[in-house]
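A.B. asks: Here it is: the structure, laid out below.
The values are calculated or read from the model by the stated rules, or taken from the named source; none is laboratory data. Please read all numbers here as calculations on a predicted model, not as lab measurements. Using ideal geometry, Cβ is built from the backbone for each residue, glycine included, and neighbour counts are taken over all protein chains shown.
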Amino acid sequence: MTSRFLGAALVLGLLSAIGPFAIDMYLPALPAIQQSLHADEGTVQMSLMAFFVAVGTGQLIYGPLSDMLGRKPPIYFGLCLFALASIGCAKATDIHMLILCRFVQGLGACAGMVIPRAIVRDMHTGNDAARLMSLLMLVFSVSPILAPLTGSAVIRLASWRGIFWVVAGAAMLGLLLALTALKETRTRERRLASSVGSALASYRTLLRDRHFLGLVFIGAFGVSSFFAYLANSSFVLIKHYGLTPTQYSLAFSINAAAFIGAAQLIGWLGARHGLKRVVKVAVTGYAVVMLLLPLTQLAGIDKLPVMMALLFVGYGFLGLVIPSTTVLALDGHGAIAGTASALMGTFQFVTGALVIAVVRLFLDGTALPMVSGIAVCASIAFVLARVTLRSGRPKLQPVAAAD
């Protein structure tokens, strides 16, 4: 069963990983960028937030375009734009230029992050889609697991600027992969029914679908808790706890491994219990564990091993939540999968950017603001799950292919 999904997961996972690679790889460099460009911590974080905002808003364009033009042309354009902006980041002379180039880089990254989800929906629905999505995330895991370690090595060899040269090269390799190994899954007949007018109508339909929106925002606040960790963990772990960039990269990879490892259980759990029940149980465990994070800090237990253990378990639960809510949300919108995937991605990244901005207001050099932001996101996801999954569409059954 797994082998028939592996080829597609490999191609889609690698394309999906290029954008996040540009996030994860430069996380160990944030303190070095702060020093090199003579900026404060909050302004340096703006370069990350600008990327998130660009990815979130840009997906609103790429999704409908992929419905109208096919899945492949927008991927080609996005990867080229990403590569050019990465070169601009490498040559940035001040923090404002870096922020601008990171924004443009995010606009390019949209394509590889939104369209693979639509391709999954083109190919499969139900638990088959969940299996493919979990395999895609397994390949996708190359970013959060290897990117920080790679970034640390590049910093030692070529400073933080070398990171952006590396991701520019990764985009070119992705373009070659898309040209040679990616199949077009949006048929010409389906494209004929898509237009700007139909895209606007599709967005109106999606925005009126409370079940879709509930599932999207369960995932959005789950992802945002990880974004809060992305934006602040390098400062907390390196400056507060005294880790080296390499030690930080290893710590970051452990949490990513928990997320990805848990995601591989979705196909089996979904077939056995139904995806709806998987989300309800997993989001409860996720919220309970993440609420312990600020409570331990407030109790005076400011120990890195304790925080890392709780994050490991919490992000393991989140690894069950994100793919399951993605499949459940897209299942009822196969005819407009690109548009639905785009709106989902937009809400995820805009929510993430807002969470980063709010957490930034409370930074005090300790771990408490970061873990409090994570706990709040987990709590909101839990409440949304209780409301959204109390009733709604019936449990998904395995389906071999989309209609």
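A.B. asks: Quick check on the range 222-234. Is at least one of its residues at negative phi, of a type outside the set (Val, Ile, Thr) and over 17 Å from the mean Cα position of the chain (by Cα)? Spell out how you get there, then give the answer.
C.D. replies: Step one: filter the range 222-234 for residues at negative phi, giving 222-234.
From what is left, the residues that are of a type outside the set (Val, Ile, Thr) are 222, 224-234.
Pick out the ones that are also over 17 Å from the mean Cα position of the chain (by Cα) and you get 234.
Looking for residues that are at negative phi, of a type outside the set (Val, Ile, Thr) and over 17 Å from the mean Cα position of the chain (by Cα), one finds at least one in the range 222-234, hence yes.
A.B. asks: What do you reckon, is Leu330 under 30 Å from Ile75 (Cβ atoms) and of a type in the set (A, V, I, L, M)?
C.D. replies: yes
A.B. asks: Thr284 - would you say it is within 25 Å of Leu363 (Cβ to Cβ), β-branched (Val, Ile, Thr) and either without any contact (Cβ under 8 Å) to a residue 60 or more places away in the chain or surrounded by fewer than 19 Cβ atoms within 10 Å (Cβ to Cβ) (or both)?
C.D. replies: no
A.B. asks: Let me ask you something else. For the range 129-149, does any single residue satisfy the condition of being crowded, with 19+ Cβ neighbours inside 10 Å, at pLDDT 75 or above and either polar (S, T, N, Q) or over 23 Å from the mean Cα position of the chain (by Cα) (or both)?
C.D. replies: No, every residue in the range 129-149 fails to be crowded, with 19+ Cβ neighbours inside 10 Å, at pLDDT 75 or above and either polar (S, T, N, Q) or over 23 Å from the mean Cα position of the chain (by Cα) (or both).
A.B. asks: Hey, another quick one. Can you find a residue in the range 277-287 that is assigned to a helix (DSSP H, G or I) and either of a type in the set (D, E, K, R) or more than 22 Å from the chain's Cα centre (by Cα) (or both)?
C.D. replies: Yes, the conditions are met somewhere in the range 277-287.
A.B. asks: Output the residues belonging to the range 42-56 that are modelled with pLDDT of 85 or more and within 19 Å of Arg161 (Cβ to Cβ).
C.D. replies: Residues satisfying the conditions are Thr43, Val44, Met46, Ser47, Ala50, Phe51.
A.B. asks: Restricting to the range 205-248, give me the number of residues that are closer than 24 Å to Ile163 by Cα and in a loop (DSSP other than H, G, I, E, B).
C.D. replies: Qualifying residue count for the region: 3.
Residues checked against (1) buried (at least 18 other Cβ atoms within 10 Å of the Cβ); (2) at pLDDT 85 or above:
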site: Lys303; (1), (2): no, yes
site: Phe317; (1), (2): yes, yes
site: Val327; (1), (2): yes, no
site: Ser341; (1), (2): yes, no
site: Met344; (1), (2): yes, yes
site: Pro369; (1), (2): yes, yes
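A.B. asks: So which of Ser202, Ser198 is among the hydroxyl-bearing types (Ser, Thr, Tyr), crowded, with 22+ Cβ neighbours inside 10 Å and either in a helix (DSSP H, G or I) or modelled with pLDDT of 85 or more (or both)?
C.D. replies: Working: Ser198 fails: crowded, with 22+ Cβ neighbours inside 10 Å.
Of the residues listed, the single one that is among the hydroxyl-bearing types (Ser, Thr, Tyr), crowded, with 22+ Cβ neighbours inside 10 Å and either in a helix (DSSP H, G or I) or modelled with pLDDT of 85 or more (or both) is Ser202.
A.B. asks: Oh, and also: Cβ contacts < 6 Å: first residue within 13 Å of Gln105 (Cβ to Cβ), restricted to the range 163-177; second residue not in a helix (DSSP H, G or I), any location; separation 6+ or different chain. Result?
C.D. replies: Close Cβ pairs (under 6 Å, with a partner that is not in a helix (DSSP H, G or I)) amount to Ile163/Met25; Ile163/Tyr26.
A.B. asks: OK, next. Under 6 Å between Cβ atoms, which residue pairs at least 6 apart in sequence (or on different chains) link something in the range 30-41 that is more than 15 Å from Ile163 (Cβ to Cβ) with a partner that is of a type in the set (A, V, I, L, M)?
C.D. replies: What qualifies is Ala39/Ile95.
A.B. asks: How many residues does the range 10-35 hold that are under 15 Å from Arg102 (Cβ atoms) and among the hydroxyl-bearing types (Ser, Thr, Tyr)?
C.D. replies: Residues flagged as under 15 Å from Arg102 (Cβ atoms) and among the hydroxyl-bearing types (Ser, Thr, Tyr) within the range 10-35 amount to 1.
A.B. asks: Give the residues of the range 17-47 that are more than 18 Å from Ser159 (Cα to Cα) and assigned to a helix (DSSP H, G or I), sorted by residue number. Write out each step before concluding.
C.D. replies: Kept after step one, since they are more than 18 Å from Ser159 (Cα to Cα), are these residues of the range 17-47: 17-20, 40-43, 45-46.
The answer is Ala17, Ile18, Gly19, Pro20, Glu41, Gly42, Thr43, Gln45, Met46.
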